[in-house]
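Here's the structure we're looking at; comments come further down.
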Amino acid sequence: MRILIAATEAVPYVKTGGLGDVAGTLALELAKARHEVALVLPLHQAIVPVKWKLEIAMDSLRVKMGDADLYCRVWARQALAHCRVYFIEYDRYFHRDPIYNDGSKDYYDNGSRFAFFSKACLDLAQALDFQPQVIQANDWQTALIPFYLKTWNYEGYFRKTASLLSIHNMGYQGHMPAEICSFMGIQRWQFRESEFESFGGVNFLKGGIFYADKISTVSPTYAKEILGEPGGSGLSPYLQRRSNDVAGILNGIDQKEWNPKKDKLLPARYSAEDLSGKAICKAELQKKFLLEEKADKPIFGLVGRLADQKGLDLLKEIIPEIMRWDLQMVLIGSGDPELERFFGDLPKHYPGKFGSYIGFEPKLAHLVEAGSDFFVMPSRYEPCGLNQMYSLIYGTLPVVRATGGLADTVENFQPQAGQGTGFVFQDISSAALRDTLGWALHTWYHQQDEIAAMRVRAMERDHSWKKAVKEYVKAYKEALVRRALWK
Ligand code: ADP
């Protein structure tokens, strides 16, 4: 198939979270399966053309918006035989770092930035005469693509092009003031409750849900959760109207980057058969974070955005209690300033027991995944979650709440049956988290053989992209069937 993937981040160019991992890897995996793929990204400040040896694909591309014509340059590189990556250069919007906010507040012009980007993806496809059969939009930033595909006058060029809107997180919807309508090119009749209108403003994701031919999200459990509340973050009624078109496709992981047997970012490599390298990683982790250098102390690791979604406030509440236990904890993350301050200060209060790094540091993330014994994700909700999958293949047992992709990937420990790959709890409460951490700790000290067996089971799980690629292709085909029905 000919597929265009539009995303505002993708590995290896720029990434702030799971969307970046998925967009970049899916594009390559589809290309490996011999589909013809164009991946389109904004040329963010962090993407330096010389570093990636980008060529100019188009000196000047005109992007018509509702009330303005903008001109941008387009760069490109061939990432694989069947995958070309395009970068839209428009410095006024994209020459920024970080890419979505100034560190605390979203950029005031995010609506215009990403409406422009979405429109540019289509104008580019037409200018290149790359007539995609399907366009995959990702999250609210590109959720206007299905709308433009169906309503903009491209003189029939995209008549047969279907859209799949992939939702990586319902918590981010792109809610903008109504004034953006004229720039977006929304007509009065489209500014209504069933399409874009939401509390007097414009909700990009809501409009995308209306116009997309097919909707996917990143795990089967999350696909069910978003049809109700609180999973739908207020949009469940609109998703329910499309419930026959919603698919849950579990992300794979990039096993070139995340593989304990080959990971060059680690001081040693290891496998399920020979875990001696994991012990070296653990020692290095303890050293780096100034923890007591003892192999028998279990390390509980955490990596991620410090956002309400991740449930770290639950952990915060029980820190005084669990820091009395015989364990160590390492956290790396950034986000909420209050949580940053709290977790950033903990090593001072619990020297040798709690280590933290506030910031975004992929190399350290690898070391935490490899060197820890347990990995903690007390998420309130988790569309898919990648870190628990990395943990599993690194033999680091996840302690997770049963939500979204966590419920789909981590099997709870069942000592009698000799089953399970982690420790799972149900309630969003610090007590449930505390008890489950206690259970993991007890197992560590009293049932090491169970821990060893669980580790092997965890490391043997298959998280390759093969299955996901097949399911995406199936979803693209279903999108095409729907497209043909649209009047
Ligand atoms: P989300 O997409 O909600 O942020 P995921 O678990 O799906 O969560 O993906 C997060 C990705 O970002 C993982 O690859 C994780 O390793 C990475 N990541 C998150 N925070 C950090 C950090 N502070 N330093 C390095 N990598 C991070």
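The values are calculated or read from the model by the stated rules, or taken from the named source; none is laboratory data. Model, not experiment: these values are computed from the prediction. Cβ atoms come from the backbone with ideal geometry, glycine included; neighbour counts cover every protein chain shown. Side chains are part of the model used for accessible areas, which takes the heavy atoms of the whole protein and leaves out ligands, DNA and RNA. Shrake-Rupley method; radii C 1.70, N 1.55, O 1.52, S 1.80 Å.
Before moving on, here are some points about what is shown:
- Positions within the range 435-456 being within 27 Å of the chain's Cα centre (by Cα) and surrounded by fewer than 19 Cβ atoms within 10 Å (Cβ to Cβ), in sequence order: Val456
- Test: residue in the range 238-261 that is more than 30 Å from Lys214 (Cβ to Cβ), crowded, with 21+ Cβ neighbours inside 10 Å and within 16 Å of the ligand (Cβ to nearest atom): yes
- Test: Pro320 is more than 15 Å from the ligand (Cβ to nearest atom), assigned to a helix (DSSP H, G or I), assigned by TED's automatic domain parsing to the domain that holds Glu292 and over 23 Å from Ser429 (Cα atoms): no
- Selected residue (criterion: most open to solvent (accessible area, probe 1.4 Å)) from residues of the range 294-309 that are not in a strand (DSSP E or B) and not basic (Lys, Arg): Asp308
- Any hit, the range 452-462, residues being in contact with a helix residue (DSSP H, G or I) (Cβ under 9 Å, 6 or more places away or on another chain), closer than 15 Å to Leu302 by Cβ and outside the structural domain of Gly20 (by TED's automatic domain parsing): no
- Residue count, the range 336-369 (criterion: among the aromatic types (Phe, Trp, Tyr), out of contact with any Phe, Trp or Tyr (no Cβ under 9 Å at 6 or more places or on another chain), closer than 23 Å to Asn101 by Cα and modelled with pLDDT of 95 or more): 1
- Filter result for the condition that a residue is more than 24 Å from the chain's Cα centre (by Cα) and either over 22 Å from Tyr90 (Cβ atoms) or of a type outside the set (D, E, K, R) (or both), over Asn153, Asn138, Asn169: Asn153
- Of note, Ser356 satisfies the criterion of being of a type in the set (S, T, N, Q) and open to solvent by 20 Å² or more (accessible area, probe 1.4 Å).
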